[in-house]
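Down below is the structure, laid out as structure tokens.
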Amino acid sequence: DDAAAGTFELRAAIQHRVAAARMVVYTSGYDIGATSRPSEPAELLGANQLSLEYRFFGESRPAAIPWPLLRIEQSAADEHDVLTKLATIYRGATIGTGGSKGGMQATYHKKFFPGDVDGLVAYVAPNDVIDGIDHYASFLDQVGTDPQCRANLAELQRQALLRRDELVPMVVEYVGLGLEPWE
């Protein structure tokens, strides 16, 4: 929180279509990799995309990394600073997105700077807490009140795993991604 204590560069990539188009802010939660491709929301909307590396990951790191100082508020502030500077160029609606840790970061960005994004598409945004308690399992244990419904759902999941070899090709064909089923 103290720029006088030192700075480092934050790696970003912009896929520019048209300045007036929407902007999708994509956060991976880690690095942005050697190449950056449009996210699903950017593709669907024909939007510009800003891909941001998460602080202290990839190339966005100081020489000595002060891990105890890594906080979600700081990464959200990084994104806010970049978007504030780009707002003079890009004036369309802004949508945040990301998956897993990137989905979490997109959600935190919206929490700390709600005016930065007009919408949010968070793919799998687990809000994990390191406290030794499995909050997901305890939550799922409380969902629903019909024991037979819960038993039916458990059996459906079990059968899906047992029949994975049959189901995966059907899902791949249905989705139409042209991907080979994984082993």
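The values are calculated or read from the model by the stated rules, or taken from the named source; none is laboratory data. Everything quoted here is computed from the prediction, not taken from an experiment. Please note: Cβ atoms are built from the backbone with ideal geometry, for glycine as well, and neighbour counts cover all protein chains shown. Protein only, heavy atoms only, side chains kept; ligands, DNA and RNA dropped before computing areas. Shrake-Rupley method; radii C 1.70, N 1.55, O 1.52, S 1.80 Å.
Using Cα-Cα distances under 8 Å and only pairs 6 or more residues apart, what relative contact order does the chain have, in percent?
Values: 269 pairs, mean separation 36.2, N = 183.
In percent, rounded to a whole number, it is 20.
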Show M104, M23 ordered by accessible area, largest first, where the area counts protein heavy atoms only and the probe is 1.4 Å.
M104, M23
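As a test of reading the structure, rank R71, R158 by solvent-accessible area (1.4 Å probe, protein chains only), most first. List each step's numbers first, then the result.
Numbers: R71 85, R158 120 Å².
Putting R71, R158 in descending order of accessible area: R158, R71.
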Who wins for biggest fluctuation among V117, V25, V172 in a Gaussian network model of the chain, springs between alpha carbons below 10 Å?
V172
At 1.4 Å probe radius, can you tell me the per residue accessible area of the chain in Å²?
68 Å²
May I ask which residue of T145, N48, N127 lies farthest towards the positive end of the charge dipole of the chain, with charges of +1 (Lys, Arg) and -1 (Asp, Glu) on Cβ and the Cα centre as origin?
N48
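Where does the chain land on Rg(C-alpha)/(2.2 N^0.38 Å)? Display every interim value, and only then the final one.
On the way: Rg = 20.1 Å, N = 183, 2.2 N^0.38 = 15.9 Å.
So the chain has a normalised radius of gyration of 1.26.
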Phi-based couplings in Hz for segment 108-124 (Karplus 6.51, -1.76, 1.60; Gly and Pro marked x):
5, 4, 4, 5, 7, 9, x, x, 6, 10, 8, x, 9, 10, 9, 8, 6
Sorted by chain and number, the residues with a modelled amide H under 5 Å from that of L120, at a separation of 5 or more or across chains, are G96
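Taking each pair of different alpha-carbon atoms in segment 3-102 once, compute 1/r for the pair, average those values, and report the inverse of that mean as the Kirkwood hydrodynamic radius in Å to one decimal.
On the way: mean 1/r = 0.0711 Å⁻¹.
That comes to 14.1 Å for segment 3-102.
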Ignoring ligands, DNA and RNA, what percent of the 1.4 Å accessible area of the chain is carbon and sulfur?
58 percent
Can you give the charge dipole size of the chain about its Cα centre, rounded to the nearest 20 debye, using +1 on the beta carbon of Lys and Arg and -1 on the beta carbon of Asp and Glu?
460 debye
What accessible area, in Å² to the nearest ten, does a 1.4 Å probe give for S36?
40 Å²
In order through segment 95-106: 3J(HN,Hα) via Karplus (6.51 cos²θ - 1.76 cosθ + 1.60), integer Hz, x for Gly, Pro
10, x, 7, x, x, 6, 4, x, x, 4, 5, 4
Which ³J(HN,Hα) values in Hz, rounded to whole numbers, follow from the phi angles of segment 153-169 under the Karplus curve 6.51 cos²θ - 1.76 cosθ + 1.60, where θ = phi - 60° and Gly and Pro get x?
5, 4, 5, 4, 4, 4, 5, 4, 5, 5, 9, 3, 4, 7, 6, 4, x
Accessible surface of H109 in the full protein assembly, 1.4 angstrom probe, to the nearest 10 Å²?
10 Å²
